[in-house]
Each structure stands twice: as structure tokens, then as C-alpha cells.
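K.L.:
Take a look at the following structure, please.
The values are calculated or read from the model by the stated rules, or taken from the named source; none is laboratory data. Bear in mind the structure is a predicted one, so any value in this text is a computation, not a measurement. Note that each Cβ is placed from the backbone with ideal geometry, even for glycine, and that neighbours are counted across all protein chains shown.
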Amino acid sequence: MKIVYIAYDGTEFSDQWECEDYEWRQLHSFDDIIFYDGKGNPLTDVLSEETYNNVAKVIVKTDEAVRILHDLADYTGFCCYESIDSVGTWTFKDGEFYKEEENA
């Protein structure tokens with residue numbers, strides 16, 4: 001027996017998680033959210049634990065991006081993203097995100 005998971009667009013997967021992950025990524029655009037590590041390098045795989053464990057700064061460009069970031073927290077359990085509640089640059093320190101002052 002072979003089980004095949006088919007995404008809404010017809011893409012086929014042999015693994016349920018890969019299929020769900022693929023569909024979730026298709027429904028969310030991360031163009032207005034930029035993640036950086038502590039050295040200033042961009043982190044691109046928003047669903048990975050490696051990104052979550054290494055993120056030091058998040059730039060959120062739109063209100064829609066804030067909503068998407070909260071959806072990401074709900075979907076993955078990456079709860080620290082829930083504290084990001086507005087557009088701006090957010091820095092991770094002492095276990096949570098803090099918004100940087102715009103004129104600092």
C-alpha cells in the first residue's frame with residue numbers, strides 16, 4: 001500500500017507533514033517579514049526550528065505581515081513571535097522581542 005498526499009494545487013507528497021507545510025507556505029507570503037541571526041545574516045526558512053532558535057532581529061513591514069507572523073506562531077508553536085504586535089524592527093533579548101525605537 002502506498003499513501004499519497006495531494007496538496008490543493010495537485011502537488012503530490014508521500015509525507016503528510018510535507019504536504020501540510022507546502023500548503024501553509026502557499027497561503028502565506030513572507031515578503032514583508034525579514035528574519036536575521038545575531039551576525040546580521042538573513043534567515044530564510046521561516047518554518048524551521050533552526051531559524052526560530054537563531055533569530056535575533058525581525059523586521060515587519062506591514063500590518064498584514066504582523067498577522068502572518070501570528071499565524072506562524074499558532075501553526076508552529078513559535079510563541080515568541082506573538083509578542084511582535086506592530087510594524088517595525090524587533091530585537092530578541094532575554095527571551096523575548098523588543099521593538100526598536102524608530103529614532104534611536
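K.L.:
Identify, by number, the condition in (1) crowded, with 16+ Cβ neighbours inside 10 Å; (2) in contact (Cβ under 8 Å) with a residue 12 or more places away in the chain; (3) in a helix (DSSP H, G or I) that Glu18 doesn't meet.
P.N.:
(1)
K.L.:
Would you confirm whether any residue within segment 56-67 is modelled with pLDDT of 95 or more, of a type in the set (A, V, I, L, M, F, W, C) and in a helix (DSSP H, G or I)?
P.N.:
Yes, segment 56-67 contains at least one residue that is modelled with pLDDT of 95 or more, of a type in the set (A, V, I, L, M, F, W, C) and in a helix (DSSP H, G or I).
K.L.:
Do we have Phe35 as within 23 Å of Gly88 (Cβ to Cβ) and surrounded by 11 or more Cβ atoms within 10 Å (Cβ to Cβ) here?
P.N.:
yes
K.L.:
A further question follows. How many residues, within segment 48-72, are of a type outside the set (Gly, Ala, Ser) and either in contact (Cβ under 8 Å) with a residue 40 or more places away in the chain or touching a Lys or Arg at 6+ places or on another chain (Cβ under 9 Å) (or both)?
P.N.:
3
K.L.:
Please specify each residue of segment 51-104 satisfying the condition of being closer than 18 Å to Lys39 by Cα, exposed (fewer than 11 other Cβ atoms within 10 Å of the Cβ) and either among the acidic types (Asp, Glu) or touching a Pro at 6+ places or on another chain (Cβ under 8 Å) (or both).
P.N.:
Asp94
K.L.:
Cβ-Cβ under 6 Å, sequence separation 6+ or interchain: first residue in segment 78-101 and in the same structural domain as Tyr36 (by TED's automatic domain parsing), partner of a type in the set (Lys, Arg) and assigned to a strand (DSSP E or B). Which pairs?
P.N.:
Close Cβ pairs (under 6 Å, with a partner that is of a type in the set (Lys, Arg) and assigned to a strand (DSSP E or B)) amount to Gly88/Lys99; Trp90/Lys99; Thr91/Lys57.
K.L.:
Here is a follow-up. In segment 21-45, how many are aliphatic (A, V, I, L, M) and either part of a loop (DSSP other than H, G, I, E, B) or more than 14 Å from Leu72 (Cα to Cα) (or both)?
P.N.:
Qualifying residue count for the region: 1.
K.L.:
Right, another one. Take the residues in segment 46-55 that are in contact with a strand residue (DSSP E or B) (Cβ under 9 Å, 6 or more places away or on another chain) and assigned to a loop (DSSP other than H, G, I, E, B), then tell me which one is nearest to Ser29 (Cα to Cα).
P.N.:
So the residue we want is Val46.
K.L.:
Then there's this: Tell me, which residue of segment 73-104 that is polar (S, T, N, Q) and part of a loop (DSSP other than H, G, I, E, B) is farthest from Tyr22 (Cα to Cα)?
P.N.:
Asn103
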